[in-house]
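The structure appears right after this line, and notes come after that.
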Amino acid sequence: MFVSSCLSHDFQPDSVIGTTAPQLPTMSSSSFAPTSLGGLLPPYKSETSSDYSSQTESSTVLMPVIRPPTPAPSPRPTSPTASVISLASSIAPQLALVPFQAVLNQFLSFGPMTRQEYLAALLAQCSSRELFFISTRIAPLLKRDILTDLPIELSLHILSFVDHPRTLARIACVSRKWHALAQDEQAWRGVARAYHFDPTLHGPCEPDADDNDTTGAVHSPIPHVLASPRHVRPLRTIQPGQSAQALFKYAWSTLVNWKRGGRCLRAHRIPVLDPDSGVVTSVALDADWLVAGLANHRIHVFSTHTGSLVRTLVGHELGVWAVDLISRGGALDPAHPRPPPYDVSGTTTNGSGVPQVMEGPALLLHNRAPAGAQVLDPQGLDHLLPPSKRAALALDAQYPPTVRTSKQENGHDHDESARSDVACATRGWGQPGALVVSGGCDKDVRVWDVRTGLTLYVLRGHTSTVRCLKVIHNRPIAVSGSRDGTLRVWDVQRGRMLYILTGHAGSVRSLDVCGSRVVSGSYDGTCRLWDVDTGECLQVFRGHFNQIYAVAFDGKIVASGGLDTTVRVWDAHTGHCTAMLHGHTALVCSLQLTSHTLVTGGADGRVLAFALPDLRVHTRIAAHDSSVTSLQFDEQFLVTGGNDGRVRLFDVGSGAYIRDVTAPSETVWKVVFRREVCAIMCRRAGKTTVEIWSFRPLEERGQRLRIAGS
């Protein structure tokens, strides 16, 4: 080497002094090397060719370029055992000579332990980048699709524990197999049960064939604060045979619309002569119709699908104080026999046993017994009806298959389906169209056909204002309470009075029915329990110190509230008072009772919710600045209306305020709602206003209904 040769020559430092540096040939950095890391190169003698006469040396000092020390390399994975290293060292020389397929075949021929040692040795020789590549290839292979690997029954059982729609929606996005599992009907039915969605109640309903008829309709301008779109898109129709998922989406979207705001289908300003005659005194609502009774002796019928005014029922001579709506369809209650054959003695028949009656507008008045008399007429007025009116009452039709009730199956009347509807709508007995039963200050009870607007019967007997009225589910039986202190039981299909229930010493202010029993509350401070099949008084509940304004009955317990600011709970079987509830400071005017909750509203603006059966207060709401005039709740929401002109929406579980349903008005008389529609009767700008709000979901073109969080 060059350095060795330089070091082998004798070095004379004095001979270099004063000499000039000769021209040396170009040398590369590889021609010399340092003797030490920190020292300088020693002078060296240059050997040239024969052209040079003498040997010269350069005085120039050359500095080597030395690289800085690098950090120590990262430690590599060490072999777990010495045997692995020896195995790797024995195999490595052969890999360069053996093709890849031969190596793979040899690896496959190893035993389990040898394969593990082979892989460990191979991984020990891999860099970080290679290890990362290996991990990305191994991770998907280690994943297991548990829902796919399990039997279909177990997979669906796991999905049955999902109780939120967003979770099911995310499951459907994982893979095609998971998407197929998420479409299971039972899974969506379970989520629907968790949110108290009943497809028969919360799903879309088929509109009545006559709901677009606007005969006699008078539409008033819509207030600017409630203006609705001029062209409303058609409703998203769901056929009864569609999946539970589609029905759930419909119900979920309806729920979200309640929280975020619906749309006002129509706001009607009803013309009245004076403000007092425009007061809405009573209201009833079902899936097709909204019926409102006014103090000006008129009854207005609106379509819940379009919001239009369809009928105005004119016949009462004075103000209307009570209405009940009998929905179309239904089935006759099998626990009670079919009405007896018609008594057609003394009439001319057409050979089929049905009397021949000419069509005409004649009103059938039940005036054979004087007012207040105890003599009952067993015949009725049905044999005087023309064929069109007989068809409206299903007098000659074959009844559809009857429905089984809890009373028939369990011997009890306190089934949920047997309770009266808080919206004053009653399930029919199989008649083709809806009917309205009304009572008012003219002392008459009238039966109306909604489709034609004609009066079917005028039932007379009360001697004072008919203040309250209820119809029993799946039976043509109506019970009316009057200021004359009596209750009367009517057969509204045949137009006859069945019983007169006497015992109250004051005006009968409120009624509630469950099955074949009815509870009445009176200004005499007592409540009474009656059997409408026998006319017998079963219990008398005494304890209030003042007038009773509201009662509620679920078949087992009776709740009553009145002017003494207390709410009393009674045992319907023993007649004993089981609890006296305090909390209101003024008249208790509104009650609603379910199997697990009792909600009360008072003139002090408060709303109290009591949990059953322990009757502890779980919610106190300062709902209004004035009296609570209307109150209704379901599994999700509590809606209240007050004299302060506001309609407010609360969460029924927590009592948290959600929003105002509509803009403030002067006063609110009545509020009634179902899952898809809400009706508000109020005074706005000095005029009677009926607002019909819809919360049905609309599907825009090209946009799917999303399962969004509330």
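The values are calculated or read from the model by the stated rules, or taken from the named source; none is laboratory data. Every value quoted in this text rests on a predicted model; they were computed, and no experiment measured them. Cβ placement follows ideal geometry from the backbone for every residue including glycine, while neighbour counts extend to all protein chains displayed. Heads up: the accessible areas ignore ligands, DNA and RNA and are worked out on the full protein's heavy atoms, side chains in. Shrake-Rupley method; radii C 1.70, N 1.55, O 1.52, S 1.80 Å.
Of the strands (runs of 3 or more DSSP E) entirely within the range 575-642, those holding at least 1 residues that are within 23 Å of I680 (Cβ to Cβ) occupy 588-593, 597-602, 606-611, 616-622, 628-633, 637-642.
With respect to the conditions (1) more than 24 Å from D564 (Cα to Cα); (2) surrounded by fewer than 22 Cβ atoms within 10 Å (Cβ to Cβ); (3) in contact (Cβ under 8 Å) with a residue 24 or more places away in the chain; (4) not acidic (D, E), V479 falls short on a single one, namely (2). The conditions of being under 41 Å from the mean Cα position of the chain (by Cα) and surrounded by fewer than 22 Cβ atoms within 10 Å (Cβ to Cβ) are met by D531. Selection of the range 610-646 for residues being open to solvent by 30 Å² or more (accessible area, probe 1.4 Å) and of a type in the set (S, T, Y) yields S626, T629.
The set of residues in the range 109-134 being without any contact (Cβ under 8 Å) to a residue 40 or more places away in the chain, part of a helix (DSSP H, G or I) and surrounded by 10 or more Cβ atoms within 10 Å (Cβ to Cβ) consists of T114, R115, Q116, E117, Y118, L119, L122, E130, L131, F132, F133, I134. On inspection, R488 does not qualify as modelled with pLDDT of 95 or more, assigned to a strand (DSSP E or B) and open to solvent by 20 Å² or more (accessible area, probe 1.4 Å).
Please work out which residue is least open to solvent (accessible area, probe 1.4 Å), limiting yourself to the range 139-148 and to residues that are assigned to a helix (DSSP H, G or I) and in contact with a helix residue (DSSP H, G or I) (Cβ under 9 Å, 6 or more places away or on another chain). Reasoning before the result, please.
Within the range 139-148, the first condition is being assigned to a helix (DSSP H, G or I), and the residues that meet it are 139-142, 146-148.
Then drop every residue that is not in contact with a helix residue (DSSP H, G or I) (Cβ under 9 Å, 6 or more places away or on another chain), which leaves 146-148.
Details: I146: 101, L147: 15, T148: 46 Å².
Step by step, filter the range 139-148, then rank; the result is L147.
If the condition is being farther than 29 Å from D634 by Cα, open to solvent by less than 60 Å² (accessible area, probe 1.4 Å) and not in a strand (DSSP E or B), then the range 258-277 contributes V272, S277.
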